[in-house]
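Asker: Dumping the structure here so I can ask a few things about it.
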Amino acid sequence: MPFAVTAVTVSLLAFSAAQELNATTNFQLCLQNVTNPTSPWYNSSGGRDINGGNLTSMAGASAISYSLCIEACGAGPEPFNWPDFSQQFSAWLLPWLALISQLPFGAKLRSENMMSVLLTVGSPTLAAFSVALTVLNERWIARRFSSYHFHNRDKAVKILTNLQQTHLEVTSKDGLLASLVVLPDNDKWWEKLAKSLDYEQTWSVATATSIAWVVIAYIFTVIDSFFAILDNINSNGQAVGSVWLWLLPIVVGWLQISPKCDLGRIKEAMVEANQIAYIAVTSPSSPTQSTMVGHSSAEASQTADDHHSHSHHVSSSSSHTSTLPPAELLAGRSERAFSIRDAFPGIEMHDAECSAPIYNYTRFFSWVTAVNEVLTAFHYASEKARSNMPVHCGVWSDRPQEDRKGDFEQVEAYCRPSRGISYPFPSLRLNLWGADTFSRLFIAIVMALLLQWGTTGAAVIVVWFTPTKGLGCRSLAYILYAGTSTVVCVMMVLSSVLAHYANKPAKPQNRRSNTGSEEKGSLLTGSESDNDTIQQHNVRRDGIRTIAHLLSTILRRSGKSLAALNAIGIIAACIFQFSNFFDRCFCNSSVFWLGTQRGYSVIAFTDPSIMPALKNAWLGAIVLALTSAFGFIAFINTFLDAAIRT
């Protein structure tokens, strides 16, 4: 990744230098010429004071009108000055470019890692959105599971949290998820997978060192700039330091979250854990699954209520569990309760399989759906255990290992609705988007916008209040950067929403499995009337899905292209500022704001009122940038701490 950034930077530098090798503009010499009494422009109306006021002659003029600047000085920039460029570039931009290499990657292909860099630099809004959404997800899942008291709850939270960087798929059919949650035989599965995913990132130490270096360099450079505030004022990097400050909280945020983005390692951990996963089997003496599964929920509840009045808990339970068939290993089966999707049928979901953390936004809805599936199983299991209802429909024995044993029908029923236990989620129609999703989306996008426009706004303030005041080439470049970043974020998030809608499978009706039993669908499935409504909706959705597929692909590809151009554009804008490319009449006259008639270029910064106003503006900009950056870091720490304590 550093090689690619270096290549782009060198190319832009070569282009800028080539454009300015033959530049002959010298604004100080030009001002001397036009203020010379023998000059043909001496008695012209082109003289201006520091605030743009008209002067009767050129005597004592600190600025000249845009038209006179073009006529007397020329339309080109000042020549490229290597000593000034190297000093500004190494002080203001180079540390940030070096810090890019400390972003977490982990994708299978270098092209995917490169695209994640371009997305991060091209759209800090999207990068901040993914960071904020990730930490909000951690807090949300910790809070949702905290109200349940069932075995392996804490391990489930850790596992699901660490799988945000993968396209997680949770399967409930054939009792896979229910067996994983309920059976005591699967305790080792939860322990092994949680331990395998609980590893430290290898890049954390290097990142901490780079962060310290960038912070120290930034502080020293900012302090130094106030001692030479008028030196090379049009190529000063104060604004550049602010416009790149967003990178610090992004890297710090990922460092603290420590995302598990090594896809190979995650898949290996999943495969190893699945080798010791067990599934409940059908009891030979029980009714057929097709009959039992349909009625076991109510029967389990009624049976448990009846048995609670008995007095011989332990002996009854022991004799009941002794007749249960032992659970069997799943080693020979391909389907598992937890799996990592390698490829989705449809290119619009490709980003979801890329493990770089910036793509967490595109996995958001599918991840929430998977979490809700697991959460539903834990909800019913926890509530039934709280009501002293054993899995095997016998009598509660106060021995957790015995009370969690059962055959296929009993285990399946234990994680499904029964009388007296409420459904844990909103209406079924909201299941496409998961539970409590849009509030987190709103908070994440607000925090991302505050960071993006706080740092960029600080950069705009610096150049806006540098005479000539107003919108010029430099400030417009920064505004376009932040604006494009915001547009890219909207495009990419909307693309993921459309892709999720288009690829969401229809809710299955109950059907026969390969074993001849009735196969139950998702635990999130509601009543039969709800299923009928969904089937009617699915017919109407076919045409809409096709449109959603197309729009998602267009938005995704356009967003990535725009982000790549924006990333190159901001590096180019910084290089152009340091290389004097923007130091020309058009840019210095704030023509975008004042127009060609009112525009003027300040050349001599001798007016005593300049320094106080400039220092105040720069101080305000620094405070705004630092507040935005460290406010985002405080947000991350606050919600991470809440997730840990919950």
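Asker: Given the conditions (1) in contact with a helix residue (DSSP H, G or I) (Cβ under 8 Å, 6 or more places away or on another chain); (2) crowded, with 21+ Cβ neighbours inside 10 Å, report the number of the one that ASP174 does not fulfil.
Answerer: Among (1) in contact with a helix residue (DSSP H, G or I) (Cβ under 8 Å, 6 or more places away or on another chain); (2) crowded, with 21+ Cβ neighbours inside 10 Å, ASP174 violates only (1).
Asker: Right, another one. Give SER339, SER285, SER311, SER242 a once-over and let me know the one that is closer than 23 Å to VAL411 by Cα and either outside any strand (DSSP E or B) or at pLDDT below 50 (or both).
Answerer: Being closer than 23 Å to VAL411 by Cα and either outside any strand (DSSP E or B) or at pLDDT below 50 (or both) holds for just one of SER339, SER285, SER311, SER242, which is SER285.
Asker: Still on this structure, I have one more. In the stretch 141-149, is there at least one residue being in a helix (DSSP H, G or I), touching a helix residue (DSSP H, G or I) at 6+ places or on another chain (Cβ under 6 Å) and small (Gly, Ala, Ser)?
Answerer: yes
Asker: Still on this model: Here are some residues: VAL602, VAL591. Which one is at pLDDT below 95, touching a Ser or Thr at 6+ places or on another chain (Cβ under 7 Å), buried (at least 22 other Cβ atoms within 10 Å of the Cβ) and in the same structural domain as SER242 (by TED's automatic domain parsing)? Step through it out loud before you land on a result.
Answerer: Details: VAL591 fails: touching a Ser or Thr at 6+ places or on another chain (Cβ under 7 Å).
Of VAL602, VAL591, the one residue that is at pLDDT below 95, touching a Ser or Thr at 6+ places or on another chain (Cβ under 7 Å), buried (at least 22 other Cβ atoms within 10 Å of the Cβ) and in the same structural domain as SER242 (by TED's automatic domain parsing) is VAL602.
Asker: Could I ask something else about it? Out of SER111, SER86, which single residue is in the same structural domain as ILE443 (by TED's automatic domain parsing), surrounded by fewer than 19 Cβ atoms within 10 Å (Cβ to Cβ) and closer than 25 Å to PHE586 by Cα? It would help to see each step written out before you state the result.
Answerer: Details: SER111 fails: closer than 25 Å to PHE586 by Cα.
Residue meeting the stated conditions: SER86.
Asker: Taking PHE27 as the residue in question, decide whether it is aromatic (Phe, Trp, Tyr) and modelled with pLDDT of 90 or more. Steps first, answer last, please.
Answerer: Numbers: aromatic (Phe, Trp, Tyr): yes; modelled with pLDDT of 90 or more: no.
No; evaluated as a whole, the condition is false for this residue.
Asker: Inspect all residues belonging to the stretch 211-226 and state whether any of them is out of contact with any Leu (no Cβ under 9 Å at 6 or more places or on another chain) and within 30 Å of GLU383 (Cα to Cα).
Answerer: So the first thing to find is which residues in the stretch 211-226 are out of contact with any Leu (no Cβ under 9 Å at 6 or more places or on another chain), and the list is 212, 216, 219-225.
Adding the requirement that they be within 30 Å of GLU383 (Cα to Cα) leaves none.
Taking every residue of the stretch 211-226 in turn, none turns out to be out of contact with any Leu (no Cβ under 9 Å at 6 or more places or on another chain) and within 30 Å of GLU383 (Cα to Cα).
Asker: Something else now. Is there any pair with a first residue in the stretch 47-67 that is more than 13 Å from LEU594 (Cβ to Cβ) and of a type in the set (Asp, Glu) and a second that is outside any strand (DSSP E or B) and at pLDDT below 85 whose Cβ atoms are under 8 Å apart and which are 6 or more apart or on different chains, and what are they?
Answerer: Correct list of pairs: ASP49/ASP607.
Asker: While we're looking at this one, here's another question. Any residue at all in the stretch 204-224 that's among the hydrophobic types (A, V, I, L, M, F, W, C) and not in a helix (DSSP H, G or I)? Quick ask: steps written out before the conclusion?
Answerer: Quick first cut of the stretch 204-224, residues among the hydrophobic types (A, V, I, L, M, F, W, C) only: 205-206, 208, 211-217, 219-220, 222-223.
Those left that are additionally not in a helix (DSSP H, G or I): none.
Checked against the condition, which is being among the hydrophobic types (A, V, I, L, M, F, W, C) and not in a helix (DSSP H, G or I), the stretch 204-224 yields no hits at all.
Asker: For VAL251, state whether it is more than 30 Å from ALA448 (Cα to Cα), modelled with pLDDT of 85 or more and either assigned by TED's automatic domain parsing to the domain that holds GLU412 or assigned to a helix (DSSP H, G or I) (or both). Write out each step before concluding.
Answerer: Details: more than 30 Å from ALA448 (Cα to Cα): no; modelled with pLDDT of 85 or more: yes; either assigned by TED's automatic domain parsing to the domain that holds GLU412 or assigned to a helix (DSSP H, G or I) (or both): yes.
It is false that VAL251 is more than 30 Å from ALA448 (Cα to Cα), modelled with pLDDT of 85 or more and either assigned by TED's automatic domain parsing to the domain that holds GLU412 or assigned to a helix (DSSP H, G or I) (or both).
Asker: Out of all the residues in the stretch 95-115, is one or more under 25 Å from ALA572 (Cα atoms), of a type in the set (A, V, I, L, M) and assigned to a loop (DSSP other than H, G, I, E, B)?
Answerer: In the first step, residues of the stretch 95-115 are kept if they are under 25 Å from ALA572 (Cα atoms); the result is 95-105, 110-115.
Next, from what is left, pick out any that are of a type in the set (A, V, I, L, M): 97-100, 103, 114-115.
Then drop every residue that is not assigned to a loop (DSSP other than H, G, I, E, B), which leaves 103.
Yes, the stretch 95-115 has at least one match.
Asker: Go through the stretch 172-191 and give me each residue that's modelled with pLDDT under 90 and either within 28 Å of the chain's Cα centre (by Cα) or of a type in the set (Lys, Arg) (or both). So that I can check it myself, show each step before the final result.
Answerer: Just the residues of the stretch 172-191 that are modelled with pLDDT under 90, to begin with: 172-175.
The one that is modelled with pLDDT under 90 and either within 28 Å of the chain's Cα centre (by Cα) or of a type in the set (Lys, Arg) (or both): LYS173.
Asker: So in the stretch 362-385, with the set limited to residues that are charged (D, E, K, R) and assigned to a helix (DSSP H, G or I), which one is nearest to TYR501 (Cα to Cα)? Lay out the reasoning, then the answer.
Answerer: First pass over the stretch 362-385, keeping only residues charged (D, E, K, R): 363, 373, 383-384.
Within this subset, residues satisfying the condition of being assigned to a helix (DSSP H, G or I) are 373, 383-384.
Numbers: GLU373: 18, GLU383: 32, LYS384: 34 Å.
Restricting to residues being charged (D, E, K, R) and assigned to a helix (DSSP H, G or I), the top hit is GLU373.
Asker: For the stretch 176-232, name all the residues that are touching a residue at least 24 places away in the same chain (Cβ under 8 Å) and basic (Lys, Arg).
Answerer: The answer is LYS188, LYS192.
Asker: Follow-up. I'd like the full set of residues that are among the hydroxyl-bearing types (Ser, Thr, Tyr) and part of a helix (DSSP H, G or I), limited to the stretch 439-480.
Answerer: We begin by selecting, within the stretch 439-480, every residue among the hydroxyl-bearing types (Ser, Thr, Tyr); these are 439, 455-456, 466, 468, 475, 478.
Of everything in the stretch 439-480, those that are among the hydroxyl-bearing types (Ser, Thr, Tyr) and part of a helix (DSSP H, G or I) turn out to be SER439, THR455, THR456, SER475, TYR478.
Asker: Name the single residue that is nearest to LEU329 (Cα to Cα) among those in the stretch 407-428 being assigned to a loop (DSSP other than H, G, I, E, B) and at pLDDT 85 or above. Show your work before the answer.
Answerer: Taking the stretch 407-428 as the starting set, the residues that turn out to be assigned to a loop (DSSP other than H, G, I, E, B) are 407, 415-427.
Right, trim to at pLDDT 85 or above and you get 407, 415-416.
Working: ASP407: 14, CYS415: 20, ARG416: 23 Å.
Looking at residues that are assigned to a loop (DSSP other than H, G, I, E, B) and at pLDDT 85 or above, I get ASP407.
Asker: OK, next. Out of the residues in the stretch 548-588 that are at pLDDT 95 or above and polar (S, T, N, Q), state the one that is surrounded by the most Cβ atoms within 10 Å (Cβ to Cβ).
Answerer: Looking at residues that are at pLDDT 95 or above and polar (S, T, N, Q), I get ASN566.
The values are calculated or read from the model by the stated rules, or taken from the named source; none is laboratory data. The model shown is predicted, which means the values in this text are computed figures rather than measured ones. Every residue, glycine among them, receives a Cβ derived from its backbone with ideal geometry; neighbour counts consider all protein chains shown.
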